[in-house]
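The values are calculated or read from the model by the stated rules, or taken from the named source; none is laboratory data. These figures come from a predicted structure and were not determined experimentally. Quick reminder, even Gly has a Cβ in these numbers, built from the backbone with ideal geometry, and neighbours come from all protein chains shown. The protein model used for the area step is the full one, side chains on, heavy atoms only, and it has no ligands, DNA or RNA in it. Shrake-Rupley method; radii C 1.70, N 1.55, O 1.52, S 1.80 Å.
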Amino acid sequence: HHTSKILKSLSLNGRLELVPPASDSPLLRYCNATETSCLQPAPIQGRWVKRPVPLTSADNHCPGWGFDKQREWCDNGYAPNVQCKSHVEEYQWQTPFYQYGDPNGEIGKVACQFLGNRTLLVLGDSTGGQGAMVMHNRLFYPGGCHKQLTYILSDTLIRKHMGMNGHGMNRGMHYQEALAAVKPDIVVVSVGPHIYNESNFKSTLLEVLDGLEEWRRQAPSSGAGVSRRRHVVYRTIAPGGCSKEIQPQDVSSDTVALTFKDYSFQHAMFYGRDLYAIAQCKQRRIPVLDLRMLYSRTDFHPGSKNGKDCLHFCSPGPLDVIADLLLELLQNELKAKEED
C-alpha cells in the first residue's frame, strides 16, 4: 500500500500506472500501458550537458587489436561508419560530483596504473563488444595496458538458443569456458538482447551470477598462501529503440521517458530487466556498471537517422561514458575490496 502511494506520487502527468507483470515474469515493471514511460525506483544522478566541442561519428574507431576475429568484429559494423556519418555528439555526461570527458587526457594513464598487472575480460554479445571497444580506445590503449583487456563474444553466456521459438543468436563461448581460457582477475558481463521470455532471462541471470560468485570465491593463491582477488562486474543492457533527440536530458528525476520506434527486439523490456539485475547484484554485493543514462540517448543509434539498427551506438558518442564509469567503479568499489 505504501509502495502504491509512492508510485502514484511519481506518476507522469497522472498517466503513469503500475502494470502487473506477466505470470512468468520476475520483473517489477513500473511502466505505463504502452511502455513508453517508466519510473525509476533507483534513480541515477546526472544529466547530459553541452560539450565545448562536438564530436563527429564519421570515423569507424576500431581498436586495432592483433586478433583476427576481433579485427573482423570491429570492421563489421559495431561502430558503423556509413549509418553514422550524420551523427554529431553535442553532449557529455555530468553528475553532481564529476564531469566526464577527460579534459587533461590523463584517464588512460590512471586506468593502467590502477589495473597494474591485473587482466580484464569483457563477456557478452555484440553490444558488450562495443563497450569493450570503448574501454580499449578510451582507457587502456592510451595508457599502454591494452593487451590486458580481452573481449569474448557470448550472446547468451550459457550457450543456449533462447530466441523466439527456440531460435535466435547463440554465438560465442560459454562464460565458464571463457573464464578458464583467459583466467582474468576482473570480469565484466552483460546479457539480455538475445534472450526472449522473461523467465529465460531470470533463470539465465541467476545461473550466471551464482556461477560467478563461486568463481570469485575460488580465487587461486598468488604465492605465500595469499589469495589473488577476483572481481565480478555486471553491466546493464545497452538500451534499444530509436528517437530523434535526447529524452530527457536530465535523467536524475524519478521518471525516465522511453519512446520507441522499433519494438521488434523486445527493447521495451530492457529497463525492467536492468532493475531486476541491479537488485540481484545488490544482494550478492556485485558492483554494477550502470549505464541507464543511455536510455535517454536513443537519438544516437544508427537507425535514429537512417538504417534499421536501433540497438548499437554510433561511436564516438554517448557510449564513451562507459570508460569513465568503469574507471570510477574500479577505483572505488573494487579497490575497497582489495583493502578488505
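Laid out as a table, the results:
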item	result
Using a Förster distance of 25 Å, the FRET efficiency for M164-K85 (Cβ separation, nearest 0.05)	0.15
Amide proton proximity set for H87, modelled H, under 5 Å, gap of 5+	S57
Listed residue pairs exceeding 31 Å between alpha carbons, taken from K50/K85; K50/K305; K109/K305	K109/K305
Largest to smallest principal axis extent of the C-alpha atoms in region 139-179, angstrom	46, 18, 10
Region 110-202 - convex hull of alpha carbons, volume per residue in Å³	88
Dipole magnitude (debye, nearest 20) for region 115-215, charges at Cβ of Lys, Arg, Asp, Glu	360
Other-chain or far-sequence residues with amide H under 5 Å of G46's (modelled H)	V251, S252
Accessible area of K160 in the full protein assembly, 1.4 Å probe (Å², nearest 10)	110
Protection-proxy order for peptides 134-146, 184-196, 281-293, each taking the mean of Cβ atoms within 10 Å per residue, highest first	184-196, 134-146, 281-293
Long-range HN-HN contacts of H231 with modeled amide H, under 5 Å	I186, V187
